[in-house]
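The values are calculated or read from the model by the stated rules, or taken from the named source; none is laboratory data. Worth saying up front: this structure is predicted, and the values here are computed from it rather than measured. Glycine gets a Cβ as well: all are built from the backbone with ideal geometry, and neighbour counts include every protein chain shown.
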Amino acid sequence: MASWNINGRYMETCNCTFVCPCIGSNLTATPSEGNCKAAIAMHIEEGEKDGVRLDDLSFVVLMHSPKAMAEGDFTVGLIVDERADDAQLAAIVDIASGAAGGPMGALAPLVARVAGVEKRPIRFESNGLEIEVTAGELVDQALEGVESVTRPGEPLFIDNTCHPVNTKLALAKATRSRFHAFGIDWEDSSGTRNGHFAPFSWSG
């Protein structure tokens, strides 16, 4: 029986140009900038770990890969909702780091350095195909889904991916992308960079 489960919504932006070559190559392609910087934002709508409720809390995994992602050597840092108490913080750190298994556990062998954990107010807002996330002064990102012509109001999708959040991701363009934390720095508002979003359901 699973000792934890969380369900909710995810979005991310990265420094790759649209469409990110990493996802379409099973992480083996060189990122469009030669390295990858990404902020993976998660809003837990409902969940718990070992009896600790995690409903309505958010976290952001900030990541840098210096080369093709499949080659590893990642630096990661974690930003957790400042409303989390000590028990909730510990539970989210275990889940987000992969220590508790689950999808992030499969990614853990690629991580060379954990740069730290910070607590900040996290705002996660969505309106149709538009999603915005801020984490204090550390992350400020927004995206707009690429709308389907055949199914207006819905995004285009890429499916059967190896992404840890969900195998099916909506395609999006980052309208704003700003990271300054854990030595990972990136700013762009060109509208040409990559984004994804999806629901998620994790357990371990």
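Some points to look at:
- Conditions (1) in contact with a helix residue (DSSP H, G or I) (Cβ under 7 Å, 6 or more places away or on another chain); (2) under 18 Å from F200 (Cβ atoms); (3) not charged (D, E, K, R); number of the one not met by P103: (1)
- Checking each residue in the stretch 51-86 for being within 17 Å of I122 (Cβ to Cβ), in a loop (DSSP other than H, G, I, E, B) and in contact (Cβ under 8 Å) with a residue 40 or more places away in the chain picks out L54, E82.
- Residue pairs whose Cβ atoms lie under 6 Å apart, sitting 6 or more positions apart in sequence or on different chains, and linking a residue in the stretch 113-138 that is closer than 15 Å to D56 by Cα to a partner that is among the aromatic types (F, W, Y), are V133/F124.
- Scanning the stretch 147-189 for residues that are farther than 21 Å from A135 by Cα and of a type in the set (S, T, Y) gives S148, T150, T161, T167.
- Listed conditions (1) surrounded by fewer than 14 Cβ atoms within 10 Å (Cβ to Cβ); (2) under 23 Å from G98 (Cβ atoms); (3) among the aliphatic types (A, V, I, L, M) are all met by V149, apart from (2).
- Scanning the stretch 45-67 for residues that are among the hydrophobic types (A, V, I, L, M, F, W, C), crowded, with 19+ Cβ neighbours inside 10 Å and in contact with a helix residue (DSSP H, G or I) (Cβ under 8 Å, 6 or more places away or on another chain) returns L54, L57, F59, V61.
- Annotation note: of A135, A115, A100, the sole residue that is buried (at least 16 other Cβ atoms within 10 Å of the Cβ), in contact with a Lys or Arg (Cβ under 6 Å, 6 or more places away or on another chain) and of a type in the set (G, A, S) is A135.
- Enumeration of residues in the stretch 10-56 that are under 17 Å from I158 (Cβ atoms) and of a type in the set (G, A, S): G24, S25, A29, S32, A38
- Any pair with Cβ under 9 angstrom, 6 or more apart, that starts in the stretch 156-167 at a residue that is touching a residue at least 60 places away in the same chain (Cβ under 8 Å) and ends at one that is hydroxyl-bearing (S, T, Y): T161/T167; V165/Y10; N166/Y10; N166/S201
- Checking P109 against (1) of a type outside the set (V, I, T); (2) touching a strand residue (DSSP E or B) at 6+ places or on another chain (Cβ under 6 Å); (3) at pLDDT below 95, the condition it does not meet: (2)
- Considering the stretch 10-46, and only residues there that are free of Cβ contacts under 8 Å to residues at least 60 places away in the same chain, not in a loop (DSSP other than H, G, I, E, B) and not β-branched (V, I, T), the residue that is nearest to D81 (Cα to Cα) turns out to be E45.
- The condition of being closer than 29 Å to S190 by Cα and of a type outside the set (K, R) does not hold for E82.
- Selection over the stretch 156-177 of residues that are over 17 Å from the mean Cα position of the chain (by Cα) and surrounded by 20 or more Cβ atoms within 10 Å (Cβ to Cβ) gives a count of 0.
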